[in-house]
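The structure appears below as structure tokens.
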Amino acid sequence: MSARGKQQRGNTIVEFAVATMFLLPLLLGTVNVGMNLSRSIQVTQLSRDAGHMFVRFVDFSEPGNQDLIVRLATGLGMTRTGGNAKVILTRVMMIGADECAAGGLQVQECTNYMLPVITQQIIIGNAALSPSALGEPPSNLKDSKGEISMSDYLTDVRTRAVGFNSILALQPGELAYVAEAVAEAPDLSFPGFFEQTRVYSRTIY
């Protein structure tokens, strides 16, 4: 009876170990999905709130207004210039003949004619995280408020808003205000299972 009991206990341990191999990834995955869902809701709300203020001409080049975004991102580990999150505020314009003429250019000289371009972009948080889906013009093209000069956005191909036509069709001269938020969650990374967890949201006005 003693030998049989020991054998049964040994079988139970083996069965538990085998079951754990399947249950542990399932448990970790459930926790990861749940935490990511919560973080996704916060990131979506962050992009909406930032976009609402941006389209109402809040100057996010000012440190005080950037601090407001940081407070909205509480829990994401974001600072004004670093951390685990990033907010990208972009103003896009469709270039038409009138815009080219305003810049003193003929249509044939206007490289970005009938294309959406980035005329302003402000990045708050960790600039090293995933870039904007629309592209990020070089910093030397932007002034202290993130504005790009007319001569640059009319002729420099680096100011083009990549793929924007497939998102929203603008008429010449029309503007769109885009708020993007991206957050990484290193606390939800499990080596061998989930190496990197990232949440992204975009809002267009």
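The values are calculated or read from the model by the stated rules, or taken from the named source; none is laboratory data. Keep in mind that this is a model prediction, so the values were computed, not measured. For neighbour counting, all protein chains shown are included, and Cβ atoms are generated from backbone atoms with ideal geometry for every residue, glycine included.
Listing for the model above:
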{"quantity": "Search result, residues across the range 140-174 that are free of Cβ contacts under 8 Å to residues at least 24 places away in the same chain and part of a loop (DSSP other than H, G, I, E, B)", "calculated": "ASP143, SER149, ALA169"}
{"quantity": "Search result, residues across the range 166-184 that are within 11 Å of the chain's Cα centre (by Cα) and of a type in the set (D, E, K, R)", "calculated": "GLU180, GLU184"}
{"quantity": "For ALA179: the one exception among (1) crowded, with 20+ Cβ neighbours inside 10 Å; (2) touching a Gly at 6+ places or on another chain (Cβ under 7 Å); (3) more than 19 Å from ARG48 (Cα to Cα); (4) among the small types (Gly, Ala, Ser)", "calculated": "(3)"}
{"quantity": "In the range 122-139, the residues that are in contact (Cβ under 8 Å) with a residue 12 or more places away in the chain, over 20 Å from SER166 (Cβ atoms) and small (Gly, Ala, Ser)", "calculated": "GLY125, ALA127"}
{"quantity": "Members of the range 49-71 found to be touching a residue at least 24 places away in the same chain (Cβ under 8 Å) and assigned to a helix (DSSP H, G or I), listed by number", "calculated": "ALA50, GLY51, HIS52, PHE54, VAL55, GLN66, ILE69, VAL70"}
{"quantity": "Restricting the range 87-112 to residues that are without any contact (Cβ under 8 Å) to a residue 24 or more places away in the chain and not aliphatic (A, V, I, L, M), the residue that is nearest to ASN65 (Cα to Cα)", "calculated": "GLY104"}
{"quantity": "Check on ASN140, touching a strand residue (DSSP E or B) at 6+ places or on another chain (Cβ under 9 Å) and of a type outside the set (A, V, I, L, M, F, W, C)", "calculated": "no"}
{"quantity": "Qualifying residue in the range 73-85 (condition: modelled with pLDDT under 95, farther than 30 Å from SER144 by Cα and either assigned to a helix (DSSP H, G or I) or within 15 Å of the chain's Cα centre (by Cα) (or both))", "calculated": "no"}
{"quantity": "Selected residue [surrounded by 14 or more Cβ atoms within 10 Å (Cβ to Cβ) and at pLDDT below 95] from LEU129, LEU115, LEU134", "calculated": "LEU129"}
{"quantity": "Residues (more than 27 Å from PRO63 (Cβ to Cβ) and either part of a helix (DSSP H, G or I) or modelled with pLDDT of 95 or more (or both)) located in the range 175-194", "calculated": "ASP187, LEU188"}
